[in-house]
Each structure stands twice: as structure tokens, then as C-alpha cells.
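Q: Mind having a look at this structure? Questions to follow.
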Amino acid sequence: KEEEDKASQYYQLNQQLLLTERKILKICRKAQYVVPFLQTPGRMINCTINEENYGWGVLVSYKKKLGTGSAGSSGKLASQTPGHLHTLDVLLPCIDRHFDKIDEDDKAGSKDEDLSNIGLLWRGTTQHCRAVKKDDDAKLISHRVFTVGLDDIYDLSAVRLFIPNDINPEPARKNVAKSLKEVQRRFPEPEGVPCLDPIKDLKVKSDDFKKLTSRRDTLKERLSSHALSDELDEESKTRMILAFSRKLNLLEQAKVIRNEARSCQGMVMRDELKKMKRVLRQLGHVDANGVIQTKGRTACEVNTANELVVVELMFCGVFNDLSVEQCMALLSCLIFDERLKDDNPTEGLKSYLTNPFYKLQECARTVAKAIIACKIELDEEEFIAKLNPGLMQAVFAWCKGAKFVEVQKLTGTFEGTTIRTLRRLEELVRQLSNAAKAIGNHELQGKFERGSELLKRDIVFCSSLYL
């Protein structure tokens, strides 16, 4: 952890230094400072194009966009046209990207043929050419003329070379390349090729430049005095910075992916929400403007069973024609979730229980069809099959005053399952009583309150079985 903290501090300082140097470079590459040194061909220029450093090259020509000096609308229009205001043609070493695609095991001789023709190509672009790397084959290196802007200049050398008027022929470019190589041999690293000084030569006097150079010197001092500067050599520090940079990039990518996942999830949920709103409109819970109606107000009171089915039962008048005991038995179908073993769930039930159950199935089918119509995935038969009449007879007997032992004989479940179902049923009945009160149906409210009283008795609602 301590090593990682040190690496993080060093990396942050290094990033600040790079950012400061980029700002300094941007000031130094302004036309007012640089253009006077670009009027004559032959000056050595170090270029970085699209974050890729091509190294030292030679200036072939300099041009300013035509018409930009004109007054009025014509000058304004010329300056607004796409492209660099100041353009330079620079002869730079490069490697054709075509050779990166050729298979190493290619025995057809196409690579040798391409090498023999490489000198014929004199115009270079970043799309077709890349910068030279240390481990590249020298035979693949060619010198081509690239068109760049002032922002692509990384360094301006004080050295100027003689170049022929026509640089396009291969022999002319080869001669310039030899001169370029000879200069680099005479000025080896670390000092390297002499560059124009921003203050003495370019005459940069900006206040921002002074502040940035002062900040750059401070950051360099802090980096040199950092603990890692003493503990690691230059190569190890470079490896460490690259490794830490990769880690930060991976963390940033993970953050982006997480945000995309959240946004996709949000889009899915928004689609589901729109579909559910359509269901509520179709069933009459809300109006066309999304204002909650009486049905919706009733559904808000219910959360123990499927609200849509329960409300549909209430508003279809199913409970109005049933006795309290029948209502309680019918509601147990929405609570009891034990799996049925029989293909015919109503087998053995009396008609005063089967008829209400069939009405419940009709209401559930109405809800299922509305959901499917609104493009929500749902298996209608599976939805209907969740209605379980397995405890209807037992609940009816319990509400009639039968003892728990007698009631248990009417079920095929464990005692705990029966007790849990009766407790949840009583909770649902209380919620329906509150719902009936909220919509002003006092007759239905009284029926549910009476049902709650019939359910809530004996051992089922004892706080402890040991009392």
C-alpha cells in the first residue's frame, strides 16, 4: 500500500509536469513567435502528429491560408474555412503501415517488391504512415513529405540544412535524410540537436509563459526530490509510471462501463414503467392524464396480495353477493402459495366455494389480458394457475368456528403453513377494510371487519404456543 501511494504521488506530479509543458509549448508555437523562423526551407523541425512523435525532419515549405489577410467578409470567410491557418510541408522519417499488415511468413515475395517501390512514394499521411520505432527494420524506413500545422511542432532547431528545390525524387530525399542523420550524429544525446530558445530566440515575453516556466521548474524539483527518484533508476520509474497509468485507465474504463450498465438498466426500467402505466390506464386505475382514480386509490391500500386482481374482484361486485365466510375462503386463494398436486384444484369443493373461485379466475384473466395487451411478457395460464383454492374449505370451516384440529384435517399441509396463511389472510382482510373505507363503501368495510374478527381467534393468533 505504501509503494502504491508513492507511485500515485509521483504519477500525479509527473502528469502535472506534462500538462504544464504542453501549455508552455502551446504558447511558444503561436504564429507571432514561430513564423519568422519558417520563411526559409531547410530548418530542422521535430514533429508530433496525433500524439505520435515522428522525430526530427526538415522544413520543405511554409504557406499561409490565402485570403485570411483580406478585409471584410471575404477575409472572415477564408479564416473560417476548415484546415490549418498556417501549413508546413516537412520531410519526416516514417514507416508505411502496409508493412505492419504483411504476414512475417509471407513467401510470395510481395514484401521485397513493395520495398523496391517504396522510394516512389513521396507524400506521407498519418493514415498510411506511422512513426519509426527503435526495433523497426532500417530497410522499411522512408522519408516522406507531411503537411502539418503549427500545433504539430514539438521543437524548432537552430540548425538549417541545404535542400534541393525539388524534394520529390527519391535521390533528393535520400540526400536530405543523410544530412539529417549526420546532424544527429554530431549532436548526440542527452544534449541532442540544438533548439531555439523561447526567450532569447523566439522572444516570448508573455506573463503566462513566465508563470508556467516557474511552475515547471518547481515540479521538476519536487520530482527529483521524491522518494522514488532515489529508490529507482530511470528505466524502473518509467515502467512504474506506465503500469500505474494502465491501472488508472482500466479503472476509468470500468467506471464508464458501470455507468453505461446503469443507464441501460434505467432505460429498461423506464420502458417497463411506461408499459405498467398503460396497464393501469387500461384497467381504470388512472385516467389518460395519469391522475389516480378510485380503483387506483383502492389498490394503494393493498400490498399482501396481487393488488390488480383484488381490486378487480371488489369493483366487479363479487364480494357483494357472498357471505363473510365465503369472502374469507375466496381471499385465501390469493394468499396460499403451496404447490397443487392435482390437475383439478376445485375437486371436492362445494358449489358455494367453486362458483366464487371461477369468478376469481375470470377477474385474474381480465388482468392478465390487459398486461399482455400492453406488451408485458406474461404467461396467462401460469398467472391463473397461481390462484390456489387448496385452503378454501379449511378457511371456511375456521370462520364457521371449527377447532384448529378439525380444520387441519381438511388440509394437506403442515400446521405451520396453515397458521402462516391464516395470519397473512387476516392482514389482507384488514387492508381491504381500509380500502373499502377509503372509497366510502361502508357495507363492504363492515363485511371485511367481521371477517377479520372471525379469523383472529384461538391458537392461530396466540403470541406464543406455550401460553
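Q: Taking LEU391 as the residue in question, decide whether it is surrounded by 13 or more Cβ atoms within 10 Å (Cβ to Cβ) and closer than 18 Å to VAL318 by Cα.
A: Against the criterion (surrounded by 13 or more Cβ atoms within 10 Å (Cβ to Cβ) and closer than 18 Å to VAL318 by Cα), LEU391 does not qualify.
Q: Something else now. So which of LYS359, LYS400 ends up being within 28 Å of LEU280 (Cβ to Cβ) and at pLDDT 90 or above?
A: Selected residue: LYS359, the only one of LYS359, LYS400 that is within 28 Å of LEU280 (Cβ to Cβ) and at pLDDT 90 or above.
Q: For the structure I just gave you, tell me whether ALA261 is of a type in the set (Gly, Ala, Ser), over 30 Å from VAL34 (Cβ atoms) and either part of a helix (DSSP H, G or I) or without any contact (Cβ under 8 Å) to a residue 12 or more places away in the chain (or both).
A: yes
Q: Does region 152-169 include one or more residues that are modelled with pLDDT under 90 and in a helix (DSSP H, G or I)?
A: no
Q: Kindly indicate which of GLN39, GLN32 is surrounded by fewer than 13 Cβ atoms within 10 Å (Cβ to Cβ), polar (S, T, N, Q), at pLDDT 85 or above and in contact with a Phe, Trp or Tyr (Cβ under 8 Å, 6 or more places away or on another chain).
A: GLN39
Q: Still on this structure, please answer the following. Being polar (S, T, N, Q) and open to solvent by less than 50 Å² (accessible area, probe 1.4 Å) is the filter; apply it to region 221-245 and report the residue that is farthest from the chain's Cα centre (by Cα).
A: Applying the filter and picking the extreme gives SER229.
Q: Moving to a separate point now. Give all pairs with beta carbons closer than 8 Å in which a residue from region 131-142 that is at pLDDT 85 or above meets a residue that is open to solvent by less than 60 Å² (accessible area, probe 1.4 Å) and part of a loop (DSSP other than H, G, I, E, B); count only pairs at least 6 apart in sequence or on separate chains.
A: So the pair list comes out as ILE141/VAL132.
Q: Moving to a separate point now. I need every pair where a residue in region 207-225 that is of a type in the set (A, V, I, L, M) has its Cβ under 8 Å from the Cβ of a residue that is surrounded by 17 or more Cβ atoms within 10 Å (Cβ to Cβ) and not in a helix (DSSP H, G or I), sequence separation at least 6 or different chains.
A: If the second residue must be surrounded by 17 or more Cβ atoms within 10 Å (Cβ to Cβ) and not in a helix (DSSP H, G or I), no pairs are left.
Q: Looking at the structure I just gave you, is LYS23 open to solvent by 70 Å² or more (accessible area, probe 1.4 Å), outside any loop (DSSP other than H, G, I, E, B) and touching a residue at least 40 places away in the same chain (Cβ under 8 Å)?
A: Spelling it out, LYS23 is indeed open to solvent by 70 Å² or more (accessible area, probe 1.4 Å), outside any loop (DSSP other than H, G, I, E, B) and touching a residue at least 40 places away in the same chain (Cβ under 8 Å).
Q: Pull out all pairs, ordered by first then second residue, where Cβ-Cβ is under 6 Å, the residues are six or more apart or on different chains, the first lies in region 274-290 and is under 14 Å from GLU377 (Cα atoms), and the second is of a type outside the set (A, V, I, L, M, F, W, C) and loosely packed, with under 15 Cβ neighbours inside 10 Å.
A: Note: pairs meeting the criteria are LYS275/LYS375.
Q: Against the condition at pLDDT below 90 and either open to solvent by less than 90 Å² (accessible area, probe 1.4 Å) or charged (D, E, K, R) (or both), how does PRO188 come out, does it pass?
A: It is true that PRO188 is at pLDDT below 90 and either open to solvent by less than 90 Å² (accessible area, probe 1.4 Å) or charged (D, E, K, R) (or both).
Q: Moving to a separate point now. Quick check on this structure: which one of CYS462, CYS399, CYS374 is farther than 23 Å from PRO356 by Cβ and buried (at least 17 other Cβ atoms within 10 Å of the Cβ)?
A: Among CYS462, CYS399, CYS374, only CYS374 is farther than 23 Å from PRO356 by Cβ and buried (at least 17 other Cβ atoms within 10 Å of the Cβ).
Q: Report whether or not ARG424 is open to solvent by 20 Å² or more (accessible area, probe 1.4 Å), within 22 Å of ASP337 (Cβ to Cβ), among the basic types (Lys, Arg) and part of a helix (DSSP H, G or I).
A: yes
Q: Which of the residues spanning region 304-328 are in a loop (DSSP other than H, G, I, E, B) and under 20 Å from ALA385 (Cα atoms)?
A: Across region 304-328, the qualifying residues are THR304, ALA305, ASN306, VAL318.
Q: If you check LEU454 against the conditions, is it touching a helix residue (DSSP H, G or I) at 6+ places or on another chain (Cβ under 7 Å), closer than 12 Å to ILE335 by Cβ and either touching a residue at least 12 places away in the same chain (Cβ under 8 Å) or open to solvent by less than 20 Å² (accessible area, probe 1.4 Å) (or both)?
A: In short, no.
Q: Could you count how many residues in region 321-336 are at pLDDT 90 or above and either open to solvent by 40 Å² or more (accessible area, probe 1.4 Å) or of a type in the set (S, T, N, Q) (or both)?
A: Final tally of qualifying residues: 3.
Q: Hey, any hits in region 386-398 for a residue that's without any contact (Cβ under 8 Å) to a residue 12 or more places away in the chain and either of a type outside the set (A, V, I, L, M) or out of contact with any Pro (no Cβ under 6 Å at 6 or more places or on another chain) (or both)?
A: No: region 386-398 contains no residue that is without any contact (Cβ under 8 Å) to a residue 12 or more places away in the chain and either of a type outside the set (A, V, I, L, M) or out of contact with any Pro (no Cβ under 6 Å at 6 or more places or on another chain) (or both).
Q: Right, something else. How many residues are in a loop (DSSP other than H, G, I, E, B), touching a Lys or Arg at 6+ places or on another chain (Cβ under 8 Å) and either within 29 Å of VAL324 (Cα to Cα) or not basic (Lys, Arg) (or both) if we restrict to region 371-387?
A: 2
Q: Can you tell me which of (1) at pLDDT below 90; (2) open to solvent by less than 70 Å² (accessible area, probe 1.4 Å); (3) farther than 24 Å from LEU422 by Cβ; (4) of a type outside the set (D, E, K, R) is the one VAL367 doesn't meet?
A: Among (1) at pLDDT below 90; (2) open to solvent by less than 70 Å² (accessible area, probe 1.4 Å); (3) farther than 24 Å from LEU422 by Cβ; (4) of a type outside the set (D, E, K, R), VAL367 violates only (1).
Q: Farther than 18 Å from GLN16 by Cβ and in a helix (DSSP H, G or I): which single residue out of SER229, SER236, SER214 fits that description?
A: SER236
Q: Further, regarding this structure: Going through region 246-262 one residue at a time, which ones are aliphatic (A, V, I, L, M) and either closer than 13 Å to LEU13 by Cα or surrounded by 11 or more Cβ atoms within 10 Å (Cβ to Cβ) (or both)?
A: LEU248
The values are calculated or read from the model by the stated rules, or taken from the named source; none is laboratory data. Quick caveat, the model's predicted, so the values are computed rather than measured. For neighbour counting, all protein chains shown are included, and Cβ atoms are generated from backbone atoms with ideal geometry for every residue, glycine included. Surface areas here come from the heavy atoms of the whole protein model, side chains and all, with no ligands, DNA or RNA. Shrake-Rupley method; radii C 1.70, N 1.55, O 1.52, S 1.80 Å.
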